[in-house]
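These notes concern the structure reproduced below.
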């Protein structure tokens, strides 16, 4: 607002609330940002920045009186799950008021407020195709003279762009609705479109008739108090264009921050979203989908069992449980299997097993059993498991924590040796390769050293192979790379074939035999449906095909990515088709790169903000390897060029 033109604040508030109600009646969900003392122009939210998926590019304002707004908008965006990605050059660009999405590109204005040079940076930051046109005085923002209605129609005032600019812009608008000078001066283009509803500050009869003939419904709202400061409905809003649930306003709890895509179907290594866009799945459900989406053998096993029996509880036996346990025990070289459902349940089971073994077999005094774990571990999110996590986000606010754990650096055999000197230590729990930490591979010989130390000190070696096992690393188990057999295997994820949750603990009689009836259990653990699918998974593993594919294509993928010399990449680690790609901090963050890859058709996810994990289904081939490499090259190596008017 400007002090020179008096504003009736009470009337302005009434108009603002009516604008909100109008947008909501049209079907929009409206979020608010708290007003801040001393920053009245925050009400013109369109100038806050530009939203592209879950990335927010803050505006760089020319007017020093608005520079301080950024702190509040950045905070709001971060709190609502957006990544704030500022343009590196600090060139003026006044947000969505000067850059409107239309038919797959951003129509951007420059001259009075925004700099032409800023749009090269904007194109790179968002991955957008930017069509930048020079605005003519007195038109200071593009949203005053251009309003996209759908992919073919737009309200536009050509003189605002000059002859050359309008000629370039007109090439991309199949059916422009051209304003006359009087309509343009009424800010008719500064409108908000919700579906087929066009919320406008004014709509003269000629314009109304043209809009209605095209199936649009013009709705006029009084924003006269805001027009005094040069802003209409569009200036007062910033389109987020993400699902309500992504903002944390839907019925799903906000314990995840998903990428802005909703998957509807999948087959093999590929998935399709609700809009029909196709993506290569580079995450495979955190390795739960090692055999791909809807593998026909696994689907057939599930369908066959669904026609017979799905659940008995462990109060009774079922025809699939014992065969499944026998086949899994044989794969692991163990005597017994205790089936559960989730990976965290299996880890909890292993912890209980180790403690009971320590008291019953090792002779540790009651209540004194200790388990050694690794720094940077991830074994799940139950209260006991986060008790020995060093991830602040996993722990904060969830105490008091379960005692009885000591942590040592991952990969440090000497530190482990010192920890195992304590006679109360009953087990060492580790991931053979740390997944959530960023696919961290220990030094060569470490696992063999762990095995030797545990045997010498009378301590159980527990290998959490939930992510690393079942062919992910090119061997059946990650421990196989050093010829190591732990005392306890903890398995999950791919054991259920990406169809059902199925986990298990496998160990010999002298370890798992410590349990007696009533001491541990699960209603769904070992249910016939999951066991039938699990048996088919074991059948696929028995062929060795997936271990070979993971080894071969993993080596090819890692070699190709390293050969691409990707800018912004500090390191690449790989073991089979499991890769951790560290970013050097000079380019995009992990979340920003994940969103760029998403727009290019590759699903990937960062961990800890600076590492991208790649773990595609093990059914990929040469074409998919090339696809992954090409998308990283485009996301990190290619420079997007903006079309700038002279």
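Odds and ends about this structure:
- The condition of being in the same structural domain as residue 353 (by the TED database), over 22 Å from residue 342 (Cα atoms) and either touching a strand residue (DSSP E or B) at 6+ places or on another chain (Cβ under 7 Å) or surrounded by 18 or more Cβ atoms within 10 Å (Cβ to Cβ) (or both) holds for only one of 373, 459, that being 459.
- Of all residues in the range 88-100, those satisfying the criterion of being at pLDDT 85 or above and either touching a helix residue (DSSP H, G or I) at 6+ places or on another chain (Cβ under 8 Å) or assigned by the TED database to the domain that holds residue 608 (or both) are 91, 92, 93, 94, 95, 96, 97, 98, 99, 100.
- For residue 447: the one exception among (1) within 32 Å of the chain's Cα centre (by Cα); (2) assigned to a helix (DSSP H, G or I); (3) surrounded by fewer than 22 Cβ atoms within 10 Å (Cβ to Cβ): (3)
- Hey, residue 279 under 30 Å from residue 47 (Cα atoms) and either in a loop (DSSP other than H, G, I, E, B) or modelled with pLDDT of 95 or more (or both) or not: no
- When residues of the range 556-568 are limited to those that are out of contact with any helix residue (DSSP H, G or I) (no Cβ under 7 Å at 6 or more places or on another chain) and surrounded by 13 or more Cβ atoms within 10 Å (Cβ to Cβ), the one farthest from residue 594 (Cα to Cα): 559
- So residue 204, is it without any contact (Cβ under 8 Å) to a residue 40 or more places away in the chain, crowded, with 17+ Cβ neighbours inside 10 Å and touching a helix residue (DSSP H, G or I) at 6+ places or on another chain (Cβ under 7 Å): no
- Filter result (out of contact with any helix residue (DSSP H, G or I) (no Cβ under 7 Å at 6 or more places or on another chain) and surrounded by 18 or more Cβ atoms within 10 Å (Cβ to Cβ)) within the range 376-386: 376, 377, 378
- When residue 486 is tested against (1) touching a helix residue (DSSP H, G or I) at 6+ places or on another chain (Cβ under 8 Å); (2) free of Cβ contacts under 8 Å to residues at least 40 places away in the same chain; (3) part of a loop (DSSP other than H, G, I, E, B); (4) surrounded by fewer than 24 Cβ atoms within 10 Å (Cβ to Cβ), just one condition goes unmet, and that condition is (4).
- Hey, residue 31 assigned to a loop (DSSP other than H, G, I, E, B), assigned by the TED database to the domain that holds residue 89 and under 23 Å from the mean Cα position of the chain (by Cα) or not: yes
- Residue check, residue 539 modelled with pLDDT of 95 or more, surrounded by fewer than 20 Cβ atoms within 10 Å (Cβ to Cβ) and farther than 27 Å from residue 352 by Cβ: yes
- For residue 167: the one exception among (1) closer than 16 Å to residue 103 by Cβ; (2) not in a strand (DSSP E or B): (1)
- Test: residue in the range 57-76 that is on the phi > 0 side of the Ramachandran plot and over 22 Å from the mean Cα position of the chain (by Cα): no
- Looking across the range 207-231 at every residue that is in contact (Cβ under 8 Å) with a residue 60 or more places away in the chain, within 22 Å of residue 24 (Cα to Cα) and in a loop (DSSP other than H, G, I, E, B), the one that is farthest from the chain's Cα centre (by Cα) is identified as 222.
- The residue that is nearest to residue 454 (Cα to Cα), counting only those in the range 489-516 that are part of a loop (DSSP other than H, G, I, E, B) and in contact with a helix residue (DSSP H, G or I) (Cβ under 6 Å, 6 or more places away or on another chain), is 514.
The values are calculated or read from the model by the stated rules, or taken from the named source; none is laboratory data. Because the structure is predicted, anything quoted here is derived from the model rather than measured. Cβ: placed from backbone, ideal geometry, glycine included. Neighbour counts: every protein chain shown.
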